[in-house]
Amino acid sequence: MKIRLHWKLTFIFCIAIALGLAAGYFYLESQMKSSFERELAVDIEQRLLLGRELLENGISSGVKGLEDADAFAKKLGLGQKLRVTVIRKDGTVAGDTDVLPEDIPLMENHLTRPEVQEAAYNGIGVARRYSYTTKKYMLYMAVPFGKGESSGFLRYAMPISYLEKAQEVSRKNIGAALIIVLALSVFFTFAISRIISQPLEEMAKIAKAMAGGDFSRRPSIYSKDEIGDLASALKYMADEINDKIEKIKHEGVKLDAVLSSMFEGIIVVDQKGDILLMNPSLRKLFFVDSDPEGKTPLEVIRTAGVQDMIDRILADKERLISKEISVMRPEEKAFKVNGVPIMRDGVLEGAVLVFHDITELKKLEEIRQDFVANVSHELRTPISSIKGYAETLIDGAIDDRENTKDFVKIIYEDSNRLANLIDDLLDLSRIESGKMKMAFERIELEPVLERALGVLSKTIKDKKINVTRSIPEVLPKVLADEKRLAQVFLNLLDNAVKYTPDGGNVNIGIARMDDHLRIDISDNGLGIPQNDMPRIFERFYRVDKARSREMGGTGLGLSIVKHIVLAHNGQVWAESEPGRGSKFTFTVPVA
Ligand code: ADP
């Protein structure tokens, strides 16, 4: 059960005050009792001394042999509400307020009474005891009086109940006063404890809110005491924690941003090997939709190689493990995975694996190897041919004038092909490496086309190719590198003429398409099988190698076209039907 602080304080203060008041009460009461007794004793003593004087005066004025002592005792005693006893020097009673005159002689000898004994020795005697005569507890006080025969002891007695009654009254008064003091104290204690506990309760509420993550509240206490100090410490603490939390949040956001924007995949596991974190890149690579936290990498990535690496790191705490891992699902990919253990103060806390996607790199490597093989092969053919014919000529064929001319012609054609091949290769490598600077200008498209046709005019004429144009009268200028654009026209027109039988048709159409000009070069030649279509823009790809070579082709023409068009922010594509012809289309931006 929760007891609120101000009730506790009130209770404790009240107990303390009650104890203090009780102690005060008992002290006062005892003080009062003794002071009452003292005062009473003094009072009785004075009255006794006065009574003695009266008695001695009476004796001297004729009260002989104490005959009137009884009347004196009764008169004096009744007047003062006291019991007055006159005792002769032999101890017999001469008079007593509370005893009938006829019974006086029957009274016991009083000489042995303690107060009388004490009076005889000290001049005054006091005693407290039960009186069989009055049947009450009495306070006795006696003094000696007179001289010679008329001497004796005058004794006053008062029932102690008088004293007790007076004490009872003042005790009640003190009690009532103390109760009033107690009631006021309870009230003030309650008020004070409320004042003390209120700020503490406020701070307790704020501390509770802070524990629950709410750092917005601040105590409204400005007193210059310990509670004020506590409040400002709480304020400072809230500010600091808030600051730290903001910083942690900020760091978290930064880390999240870094992890999310990283191209590399990252997976973090705990010391048991369960996933703590998997960044979006890795999730995307492995198509992980559900939350991977708490699962094992094998469950999520389904690749034994990754699980093996993690097991090795966690088991052996190896510093850095690098491994190439290939996965077939969800798609064929290759990764270079680096893994390190996470250690804190020499204790293993988990592991981090970083996945570098090297699929493209691998493909490029393959392409590079293919390219080298292709180039070597392409170079080898004309070189072997040149070498073969040159050897034949050296071996004596040079004397045969008829053959020599043919052989030299073949050597000339092959060296031309070699030169073309090397030119194309150089162009391609320059375009691909970005070293070929494009000089973009606003140019007219048609003259470029006409110049390319001019270059091919002899072949066109020889093959009786019918060239037609579908070109609007007014054409906007384009933004292009004239020389490179001419090469595109030349390569495409050359192909159209090359792969179209004699007497065929080649049509050049130009049309505006939004902010581009679209150029179609169609022929009704051989066409390209559908299987080969996706690859015709690849380097060295030729549908019919022998025929292409025979026609002086290098297999690089369309590849060069593609690169130049893309460098112009244009697009290139082809449509074809074997036996019916092909249509190559490219776009160039309007200036
Ligand atoms: P090549 O030097 O062999 O002509 P290209 O890169 O220019 O190389 O063309 C690649 C291949 O595409 C050619 O070998 C040819 O098979 C095919 N091709 C290109 N243009 C045409 C066309 N207009 N008609 C038919 N086939 C074509």
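The values are calculated or read from the model by the stated rules, or taken from the named source; none is laboratory data. What you see is a predicted model, and the numbers here were worked out from it, not measured in a lab. Using ideal geometry, Cβ is built from the backbone for each residue, glycine included, and neighbour counts are taken over all protein chains shown. These area figures cover heavy atoms from the full protein model, side chains too; ligands, DNA and RNA do not enter into them. Shrake-Rupley method; radii C 1.70, N 1.55, O 1.52, S 1.80 Å.
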Problem set entry | Which of F586, T134, N420, positive extreme of dipole for the chain (C-beta unit charges) | T134
Exercise. Using the Cα atoms of region 438-589 to build a convex hull, what is its mean projected area in square nanometres?
Worked result: 8.4 nm²
For this session: Count charges around P114 for me, please; just the other residues with Cβ under 13 Å from its Cβ, Lys/Arg as +1, Asp/Glu as -1.
Result: +2
For this session: Only loop residues by DSSP count here, and only those with at most 11 other Cβ atoms within 10 Å; note down the trypsin sites (Lys or Arg not before Pro) in region 124-210 that meet that.
Result: K135, K147
Exercise. Over the heavy atoms of M533, what accessible area does a 1.4 Å probe trace out, to the nearest 10 Å²?
Worked result: 30 Å²
Exercise. Tally Lys/Arg at +1 and Asp/Glu at -1 over every other residue whose Cβ is under 12 Å from the Cβ of K363; what's the total?
Worked result: -3
For this session: Could you name the lysines whose alpha carbon sits less than 23 Å from that of K272, not counting residues in the same chain fewer than 8 places away?
Result: K295, K317, K323
Problem set entry | Check: region 68-109 dipole with +1 on Lys, Arg Cβ and -1 on Asp, Glu Cβ, in debye | 260 debye
Exercise. What's the angle, to the nearest 10 degrees (0 to 90), between helix 226-261's Cα axis and the longest principal axis of the chain?
Worked result: 20 degrees
Exercise. What number comes out for the charge environment of S223, summing +1 per Lys or Arg and -1 per Asp or Glu over other residues with Cβ under 13 Å away?
Worked result: -3
Seminar exercise, completed: As straight-line cross-link partners of K545, the qualifying lysines (C-alpha separation under 23 Å, not fewer than 8 residues apart within one chain) are K387, K409, K463, K498, K562, K583
Exercise. Do any trypsin sites (Lys or Arg not before Pro) in region 472-566 lie in a DSSP loop with no more than 16 other beta carbon atoms within 10 Å, and if so, which?
Worked result: K477
Exercise. In angstroms, what radius of gyration and Dmax does region 264-355 have, counting Cα atoms only?
Worked result: 12.3, 40
Seminar exercise, completed: proj_area_mean for region 52-160 (convex hull on C-alpha atoms), units nm², value 6.0 nm²
For this session: Please sort by residue number the chymotrypsin sites (Phe, Trp or Tyr not before Pro) in region 257-325 whose DSSP state is loop and whose Cβ has at most 11 other Cβ atoms within 10 Å.
Result: F263, F287
Exercise. For region 279-374, what is the accessible area per residue in Å² when the probe is 1.4 Å?
Worked result: 62 Å²
Problem set entry | Crossing angle, helix 69-80 versus the chain [Cα axis fit, 0-90 degrees, rounded to tens] | 30 degrees
Problem set entry | Computed over the chain, the ratio Rg/Rh where both radii use C-alpha atoms and Rh is Kirkwood | 1.70
Exercise. Excluding ligands and nucleic acids, what accessible area in Å² is computed for D395 using a 1.4 Å probe, to the nearest 10?
Worked result: 130 Å²
For this session: Just grab the label-to-label distance for E226 and L364, each label 7 Å out from Cα along the Cβ direction, in nm (one decimal).
Result: 7.2 nm
For this session: Would you work out what percent of the accessible area of the chain, with all protein chains in place, is carbon or sulfur (probe 1.4 Å)?
Result: 57 percent
For this session: Find the centroid of the Cα atoms in region 426-488 and in region 195-218, then give the distance between the two in whole Å.
Result: 81 Å
